[in-house]
Amino acid sequence: MEWSDKHDRTLCREVLVKEPYQYPYRSKERGDVWNNIAINLNGLDHPRFKVNKRSVRDRLTLPTTKYTAKVYKEENASAISCEQSELDQAKQIQTITQWVFTFNMFVSLFLQ
């Protein structure tokens, strides 16, 4: 399968709705959510997907990493903030959500 911006936007939207990062890392619940996301994406007619839960997780890592690097580069290049596309906004929300849930997990482990 070849990924396009439309595929990436659809994937980010689905992840934002399902919120897999609210569950602990490597938990059954988190795996079930990733599997559910893959099933939902495969059920779409446009854009057409053929993915499994592993490919969904791997694909989400790439744009999130690229987005973080892009933002860092733009912020260091100038003091002017650049316009963000819908995909960029979804990646930003996804990155922040992932960090918040990871932070909360570590805090709860530390306080126990």
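Here, each number is a calculation from the coordinates, and none is a lab measurement. These figures come from a predicted structure and were not determined experimentally. Please note: Cβ atoms are built from the backbone with ideal geometry, for glycine as well, and neighbour counts cover all protein chains shown.
Leaving out same-chain residues fewer than 8 places away, which lysines sit with a Cα under 27 Å from that of K66?
Candidates past the 8-residue exclusion: K6, K18, K50, K53, K91.
Just rank W3, W34, fewest to most, by other beta-carbon atoms within 10 angstrom. Provide the component values of the computation, followed by the final result.
Values: W3 15, W34 20.
If I rank by nearby Cβ atoms, fewest first, I get W3, W34.
Could you give the nm distance between label points at Q22 and T97, where each point is 7 Å from its Cα heading toward the beta carbon?
0.9 nm
Between R59 and N42, what is the label-to-label distance in nm when each label sits 7 Å out along the Cα-to-Cβ direction?
If labels sit at R59 and N42, their model points lie 1.3 nm apart.
When only C-alpha pairs under 8 Å and at least 6 residues apart count, what is the relative contact order of segment 25-75, in percent? Show your work: numbers first, answer last.
Details: 24 pairs, mean separation 14.0, N = 51.
This gives 27 percent for segment 25-75.
Please enumerate, by chain and number, the aspartates and glutamates with C-alpha under 17 Å from the C-alpha of K70, excluding those fewer than 8 residues away in the same chain.
Straight-line reach from K70, under 17 Å: D5, D8, E83, E86, D88.
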